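Note sheet for the following structure.
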Amino acid sequence: MDEDRKHGPDGTGDSLKESRGAGTPGTPGPLPRRIRQRLEQSADAWVEAGASAAPDGTRVIEKIVLDRKAQRRGWYAAAACLVLAIAGWWPRLAQVTTDAAHGISPLQAEADRGREHLLKTAHQNLGRWPWSHEAGVGADVQGEVIWDGKRQEGYLTLTGLPSSAATGRQYQLWIFDGSRDERYPVDGGVFDVPAGTHELTVPIRPALTVSRPVVFAITLEPVGGVVVSDRQHLMALARAHAQ
């Protein structure tokens, strides 16, 4: 039984009635404590519900639903980007797979395609010079050097250069520039010739800008190459003409 509603011995006692009669006739008395607490709790709950509602009366649950929809849209966008990326790379991946099936390494296939592109687009800027066969050259190499001075891009094609796999050394390209001291040719990059390789295409990677190429020379050097070669192991040589 509510402690604020206790009957007297005659069954007529009621604190609520007594509260009403305790004040001035016609004036309401104070509310019982328990009823006042319940009213205050109801008021607090109403205020919290109103604060969490949107101006148009939308409840918090609707906001959660909207947030989840936004998250799903983000996942859909990410999935679409992934599909586009795969679609863009697929032809290239298929080409690499085809090259591997024919015994061509991916790097070699990429070099071959780069050379073909340069041949098709360089036009009058392109110089082409064969490997020479003269005294002092260590290998009987066939092929040529192509070089575009405007793009600073070029490629070597080499047939007959011995494999470097068992030597513990690497081949290094040197570019003698007519505008520089011939004692310090430009480093054109190092490369390997794998065992069993008959023909090789090598991209030229000059360490400095080459203004006027005069000679392209290949030497056999320690792994990683050297800063200045003693030129004791000259393996191939191509003399460039005016570009």
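The values are calculated or read from the model by the stated rules, or taken from the named source; none is laboratory data. Keep in mind that what you see is a predicted model, and the values were worked out from it rather than measured. These accessible areas exclude ligands, DNA and RNA; they are computed on the full protein's heavy atoms, side chains included. Shrake-Rupley method; radii C 1.70, N 1.55, O 1.52, S 1.80 Å.
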Once amide H atoms are placed 1.01 Å from N in the peptide plane, what residues at a sequence separation of 5 or more from residue 132, or on another chain, have their amide H within under 5 Å of its amide H? 237, 238, 239
Please calculate how many Å² of accessible area the stretch 102-243 carries per residue, with a 1.4 Å probe and no DNA, RNA or ligand atoms counted. 54 Å²
Surface share of carbon and sulfur [accessible, 1.4 angstrom probe, percent] for the stretch 127-243: 52 percent
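For the stretch 97-243, what does the alpha-carbon gyration tensor say about shape, rounded, prolate or oblate, given a ≥ b ≥ c as the root eigenvalues, a/c under 1.5 as rounded, and a/b over b/c as prolate?
Working: a/c = 1.68, a/b = 1.10, b/c = 1.53.
Oblate is the answer for the stretch 97-243, as a/c is 1.5 or above yet b/c matches or exceeds a/b.
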Cα centroid separation - the stretch 153-176 against the stretch 192-243, whole Å: 6 Å
